[in-house]
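Below: one structure, written as structure tokens.
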Amino acid sequence: MPLPRYLAALLFVATGLLGAGAAVAAGAHEHGVARLDIAVDAARVSILLETPLENLLGFEHAPRTDAEREKVAAALTRLRASQVLFRIDSAAGCQPSRVDLQSAALGLGTATNSREGHGDLDATFDFKCSQGGRAGFVEVGLFETFPGLQRIELQVATPKGQMRATLRRPTSRVMLAR
Ligand SMILES: [Zn+2]
């Protein structure tokens, strides 16, 4: 059950003060943590990323200085390079297709839902595949690309089944059921 927003914000202040990476409710905005959903079928792999902007930028508001604008531009360039962020088992014959980025705080896409004092980014990465079912793994490059990210809560769905897992720095390989 999601926490009321004001309560989640209070918890962030509390965990921040303690300097602890204590887990808040699943799905909540927690600095250092991202959610990744990977869906595999014969013709495509679709990956959804939900992350606090803090993990990508070190701040969570629209850029105010040239330095912040440069950070945003660099992060967006890295996010759009989906074939670098997600290296799918070559047996699946996947090619990068659409990348969609949504962030109310950065004025990206149509997202309007913004948290008080916090900002998120939701990204969709689509790959077209010749034999998606043969994908045995995905190498996730998020930890090497974004040093602020510590943990990824994973959800994977393939034609063979579903699983949940946690990926912790520096582990980068997600095994897929096949
Ligand atoms: Zn935040």
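Since every read-out is calculated from the coordinates, none of them should be taken as a lab result. None of the values given here were measured: they were computed from a predicted structure. Positions of Cβ are backbone-derived with ideal geometry, glycine not excepted, and every protein chain shown enters the neighbour counts.
Worth a mention:
- Of the residues making up region 101-111, none is touching a residue at least 24 places away in the same chain (Cβ under 8 Å), within 16 Å of the ligand (Cβ to nearest atom) and more than 16 Å from Glu50 (Cβ to Cβ).
- Some residue of region 112-120 being surrounded by 18 or more Cβ atoms within 10 Å (Cβ to Cβ) and under 17 Å from Ile47 (Cβ atoms): yes
- Among residues of region 123-170, those that are touching a helix residue (DSSP H, G or I) at 6+ places or on another chain (Cβ under 8 Å), closer than 20 Å to Asp100 by Cβ and small (Gly, Ala, Ser), counted: 3
- A count restricted to region 41-61 and to residues that are away from the ligand (no atom under 12 Å from the Cβ) and surrounded by 15 or more Cβ atoms within 10 Å (Cβ to Cβ) stands at 7.
- Subset of region 152-170 (residues that are under 17 Å from Asn55 (Cα atoms) and either of a type in the set (A, V, I, L, M) or surrounded by fewer than 16 Cβ atoms within 10 Å (Cβ to Cβ) (or both)): Ile152, Leu154, Thr166, Leu167, Arg168, Arg169, Pro170
- Hits in region 62-100 - residues which are under 17 Å from Gly141 (Cα atoms) and of a type in the set (A, V, I, L, M): Ala74, Ala75, Leu76, Leu79, Ala81, Val84, Leu85, Ile88, Val99
- Selection count, region 64-81, where residues are away from the ligand (no atom under 16 Å from the Cβ) and surrounded by 17 or more Cβ atoms within 10 Å (Cβ to Cβ): 2
- If you go through region 70-100 and keep only what is in contact with a strand residue (DSSP E or B) (Cβ under 7 Å, 6 or more places away or on another chain), charged (D, E, K, R) and in contact (Cβ under 8 Å) with a residue 24 or more places away in the chain, you end up with Arg87, Asp89, Arg98, Asp100.
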